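Take a look at the structure set out below.
A short reminder: the numbers here are calculations on the coordinates, not readings from a lab. Because the structure is a prediction, the values reported are computed rather than measured. Here the Cβ is made from the backbone with ideal geometry for all residues, glycine too, and neighbour counts use every protein chain on show.
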Amino acid sequence: MLITAAQLKRIAKGAPDNDNVQSIVIAMNQYGQRFGLDLPHRAVHLIAQEAHESGGFHYDREIASGAAYEGRRDLGNIQKGDGKRFKGRTGIQITGRANYRRFTAWVRKFIPDAPDFEAKPDLVNTDPYEGLVPIWYWDAGSPTGKSLNVYADQNNIEMITRKVNGGLNGYDDRLDYYDRAALVVLGYPLGAYKAFQAAAKRKGWYTDAKVDGAPGPKTRAALHLALVHMTDPDIQPVTQSAPVVETKKVETKVEVPVETPVPVAVGGEALDKPFYQDPQFQKDAALGGAAPTLTALGGADWKVVAIVAAVLVLGIVGYGLIRRAKQAKLQSSIAAVNTQAAEIRSAI
């Protein structure tokens, strides 16, 4: 598939820079096939991401000076002035000495006389390299070092965004750019969702019962299938429709398993009377003493405290009487046993 400047200008939201558009066309049409980007469903994903990153193909270098990257050893910026020297450039914003070095090694595999971009970083903004930098990132420059085609084949826009952005910043805009790019490549006017849905439904690609003309995950999955069917039938079995992707993605926290407490039933007789009338409370008060019980009453009404104090006194007195009675009974039993033992010894 060949990309045209007219298509990119329709995809853009606003007026793109003509030179930037032309750089993408040159690189994609001359070198895209080498990296599997001649397949429409893959090209559309790359174009959508680049459209967002470049503000609709408007910017090809970072507006800021790059001073913020000074001393960033994770980017390979180890010399004074590296932050500004290796600021973000091209539509995908290649940044840092290490990445300029990696791009040089990558591009020289098929353009042996390509410049040393670590030595002359400004040259990445010349053709065909300006359009090749996004292809490098797509093919080998992401944190995994692996091609993002695998996610494009799955229509997994979320994972592609995470690999390009490191998160989901601007995710809604990226989804919108995907829709725009897909419709344009398929030959539909922008926003012609209803016409596309109707056609896709007849093909069995659009599964929603309603043709509502609204973009969404099912429409996006149908767009993917339609793009796949533009290619050679041999490639179609290795692609699949996307998992349902929401229009808005929210970062989710990983739940840590915790021990779940056993739920306690609410209701029953215990709730129909004050807590100080609860037999268990009275038992605890008598056996546990006043201090822990009164500690649990912090902030209670004075009348309640008075009643509880009375219960405590009665409980303690009652407990003392019960204990004394038990001790007397025990002493009586011991005396009886001793008397019986004496009688036995006399008989012997």
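What FRET efficiency would be calculated for the residue pair Leu2, Asp173, taking the C-beta separation as r and a Förster radius of 35 Å, to the nearest 0.05? Display every interim value, and only then the final one.
Values: r = 26 Å, r/R0 = 0.74.
It comes to 0.85.
Quick one: length gained pulling Asn125 to Lys13 fully straight, 0.36 nm per residue minus the C-alpha distance?
Here the segment from Asn125 to Lys13 would lengthen by 38.1 nm.
When a/c reaches 1.5 or more, the comparison of a/b and b/c decides; with that in mind, is the range 63-187 rounded, prolate or oblate per its Cα gyration tensor? List each step's numbers first, then the result.
Details: a/c = 1.97, a/b = 1.53, b/c = 1.28.
Here the range 63-187 falls in the prolate category.
Rounded, prolate or oblate, given the Cα gyration tensor of the range 5-238, with a/c below 1.5 counting as rounded? Display every interim value, and only then the final one.
Details: a/c = 2.12, a/b = 1.92, b/c = 1.11.
Taking the square roots of the gyration eigenvalues as a ≥ b ≥ c, the range 5-238 is prolate.
Any chance you could run the full-extension gain for Ala192 through Ala105? It's 0.36 nm times the residue separation minus the Cα-Cα distance, nm to one decimal.
27.0 nm
Could I have the simple spin-label model distance between Asp74 and Val150, label points 7 Å from Cα toward Cβ, reported in nm to one decimal?
Modelled inter-label distance: 2.3 nm.
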